[in-house]
1. Show me the ranking of peptides 282-288, 345-351 by mean Cβ neighbours inside 10 Å, starting with the highest.
2. Any idea what the dipole of region 293-405 comes to, in debye rounded to 20, about its Cα centre with Lys/Arg Cβ at +1 and Asp/Glu Cβ at -1?
3. Between region 171-199 and region 214-277, how far is it from one alpha carbon centroid to the other, in angstrom?
4. Counting Lys and Arg as +1 and Asp and Glu as -1, each charge on the Cβ, what is the dipole of region 241-362 about the Cα centre in debye, to the nearest 20?
5. Order by neighbour count: THR380, THR301, THR150, fewest other Cβ atoms within 10 Å first, most last.
6. Quote the FRET efficiency, to the nearest 0.05, computed for GLN33 versus GLU109 with a Förster distance R0 of 25 Å and r equal to the Cβ-Cβ distance.
7. I'd like to know which of VAL331, GLY130, PHE404 lies farthest towards the positive end of the charge dipole of the chain, counting +1 on Cβ of Lys and Arg and -1 on Cβ of Asp and Glu.
8. Using +1 at the Cβ of each Lys and Arg and -1 at the Cβ of each Asp and Glu in the chain, identify which of THR250, THR235, GLY10 lies farthest towards the dipole's positive end.
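Read-outs: derived from the displayed coordinates by stated rules, not from any lab. Note that the structure is predicted; figures quoted are calculated from it, not measured. All Cβ positions, glycine included, derive from the backbone under ideal geometry; neighbour counts span all protein chains shown.
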Amino acid sequence: MIKAAILGYGTVGSGVYNVIKSNSYLVNERAGQEIEIKYVLDLRDFPGDPVESVLTHDFEDIINDDEVKIVIEVMGGINPAFDFTMRCLEEGKNVCTSNKELVAEHGLELMHTARENDVNYFFEASCGGGIPIIRALNDCLTADDIDEITGILNGTTNYILTEMTENGASFSKVLKEAQKMGYAERDPSADIDAHDPARKIAILSSIVFGSSVDYKDIYTEGIRQITAEDIKYATTLGYAIKLLAEAKRTEDGVRAYVAPFLVEPSHPLYAINGVMNAVYVHGNMLGDAVFTGAGAGSLPTASAVVADVIDAARHDGKRAYCGWKHDEKLVLASNDSVKHKYLVRISTEDEGKANRVFSPDGFLDTISVGELEEEIAFITPELSEEDFETKAKAFGKVISRIRFY
Ligand code: HSE
């Protein structure tokens, strides 16, 4: 038998308790021993809830109990999660977490401490909810040199964009629904301003490229500015707008982006809708692979956390391999020379100027959407980020612009 403690009995913590109890036979069999939840830490009381018998309000009960070998940190946020995790690792306890904020911010130090103390720090649920992507990168795609990883890594924004596209629903109404269903972060700006997928692609690229990618170095654009009109143009073109998080190795180094993109129907990420997440990986031997599944929510996330708990039990006393292994930071290459085509919306009266600025050698093909009489859109030729910005500045009155993937 191996004893575990859960830090936090919120959306994910209660899911973890539920998965371990509901699937106890399978979980224990796969762990090779019985997993017993000895403590659940939360400041609140839960009268009548089965968790009452193991509930504690004091972290010291857990850290001072030598029987506890696995700590499940599902509190979220940096404090006190960082301090608790550090202390557990220093005490020789394995830690499993869904806390992407903590992994993205302090993963390097925490993994260093885990290594020093011969224990494991597992964080499968920090990226892609229930999709087994971190284990796939660390344990399955080990024969490949991976040069690209691109994903839809935020369930809330994918749900919002899908509902806006399929049902014409307003941004704010859909956001409220996502919050009610337990998908969204407490602070919705982490989702809609895309800090959450930026953290996730930083974690995944640290594993793929071996050194720490700082999410704050990644160019990040959210979906707050995407309107019903943008969606209408995308639909007219037969494309979907998706918030993509991408990291690619190029001749100049690793480049990363998080931004809304227009995705064509033949691309595997086009059809990923609702709260589903998906991760596209390209390896030099494998070619393409796509992993998809439920990207947020209590039980899908808990499923990934409990898979880590099983792995921690299997690796009791042994270190598991992790591709994120160098104690140094990866300096990202600039995106200035990256080329994309852009969909640009302008006022109808500015068409002549748009031709002069964006297409001096020819005429731009324009796109009109029936009910939007005062405006048109056009697709630029492939332009570098730098060129596009210069032209958009010279033009002056772009209503909106979205990159094609
Ligand atoms: N708010 C996150 C999302 C939760 O919507 O994807 C899962 O990390």
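1. Details: 282-288: 12.4, 345-351: 16.1.
Highest-to-lowest ranking by the protection proxy: 345-351, 282-288.
2. In debye, rounded to 20, region 293-405 gives about 540.
3. 16 Å
4. Values: 14 positive and 15 negative charges, 40 e Å.
Its charge dipole is roughly 200 debye.
5. So the ranking, lowest neighbour count to highest, is THR380, THR150, THR301.
6. On the way: r = 30 Å, r/R0 = 1.21.
Efficiency at R0 = 25 Å is approximately 0.25.
7. PHE404
8. Positive-most Cα among the choices belongs to THR235.
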